[in-house]
Amino acid sequence: MKWFVLFLPMLLLAPRLAQAAPAAPSVLVQTVPATLRDLDERLTVYGKVEPDPERLRAVTTLSSGEVRKLYVGLGQRVTPGQPLLELATAPQARMAWTQAQGRVASARIQLQQTQNLFGEQLATRADLASARQALGSAEAALAALHAQGAQHATQVLRASAAAVVTQLDVAPGALVQPGQPLLLLGAQGHVWVRLGVEPEDAARVAPGMPVTLTPVFGGAPLDARVAQVHAVINPTTHLLDAVVRLDGARAAAQIPGAWMRGVIRLRATRALAVPRSAVLDDARGHYVFVIERGHARRVAVHAGLEQGGWIAVQGALVPGAQVVSAGNYELHDGMAVRIAAAPTR
């Protein structure tokens, strides 16, 4: 009987003790189902805008002379017919023009005299042919000097098309020779974006691959395609060049020398993907937590391609598995969880 009296208070306290026992710890988490997605393998590279080297035009002169005046500067845009520079013809060229004119006049007089003598039977056909030949040679020499502009004391060289001055090799007062480049014009509607690719990535890049170009210092992105992949190292950048051609209005909007970031889409693959925030890593490798019957279970994964906040994973996951995307840093294997309601949009 005594034992019952002693045990009775304990029976009465049991419900209170049960109520006072601490509940098992749990963590509030958010989950996202693992889904199959198309992810692109991408390569980010950098490079510069430059005039299309296949459409550069050198401005030269056919006669020697002196640069009197420059009308344009390096990097300036020019329109068709716009003056580029003024060139004074060299004195030797002007003298050659005057002498050539004298020879033509003399040859014409000689031919007329020979024709008169031939009419009086005082000259032979050979004499007449020789006089005609002499006039032809004199006129040809005069025409050549005319084509060189030797008849002008000064001449103004003009742009033949819309372009950008990409190189300026002379200054006022400079003496120039026939055929010497004076300046270089790049076609305004045609540019290259020369992107640098690491040699170990060169085999992955091929002409025709889509690329998104974005100005490094701000500007709208534009879509294009790789036109060329060079097979030798650029001695300046020590990288391989992947060339993107731009034409028309898209090219005219670019500034030669500007830096560009290019994202080349190498290949697309379909894979099981989870949000990037769902993938954790420690000394044992990458892993995620999935929710099963209100508890977190650690699942080892191999992380792959990443795009748009999603990352491809391989492991013991199936499409639709509820993967913890927020709150996972507080979890350990087997821990009880509470799932937060999905945010409304």
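Overview of results
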| quantity | calculated |
| --- | --- |
| Quarter of Cα convex hull surface for the stretch 140-215, i.e. mean projection, nm² | 10.1 |
| Chymotrypsin sites (Phe, Trp or Tyr not before Pro) lying in DSSP loop within the stretch 56-164, provided at most 16 other Cβ fall within 10 Å | Y71 |
| Residues listed by number, the stretch 157-200, amide nitrogen under 19 Å from Q92 label point at 7 Å toward C-beta | 173-182 |
| Estimated FRET transfer efficiency when R0 is 22 angstrom, pair R267-A326 (beta carbons, to 0.05) | 0.10 |
| Rounded percent of accessible protein surface that carbon and sulfur make up, the chain, 1.4 Å probe | 57 |
| At R0 = 30 Å, FRET efficiency that the Cβ-Cβ distance of H238 and A174 yields, to 0.05 | 0.25 |
| Förster radius 22 Å - calculated FRET efficiency between Q101 and V156, Cβ distance, rounded to 0.05 | 0.45 |
| Scattering profile of the chain at q = 0.15 Å⁻¹ [log10 I(q)/I(0), Debye over alpha-carbon scatterers] | -1.18 |
| Per residue solvent-accessible surface (Å²) - the stretch 97-243, probe of 1.4 Å | 55 |
| Span-like helix ranges in the chain, DSSP H, alpha carbon extent 27 angstrom or more, Kyte mean at least 0.0 | 2-20, 125-147 |
| Accessible surface of H190 - all protein chains present, 1.4 Å probe, nearest 10 Å² | 50 |
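The values are calculated or read from the model by the stated rules, or taken from the named source; none is laboratory data. For clarity, every value in this text was computed on a predicted model and none was experimentally measured. Note: ideal-geometry Cβ built from the backbone for every residue, glycine included; neighbour counts use all protein chains shown. All accessible areas refer to the heavy atoms of the entire protein, side chains included, with ligands and DNA or RNA removed. Shrake-Rupley method; radii C 1.70, N 1.55, O 1.52, S 1.80 Å.
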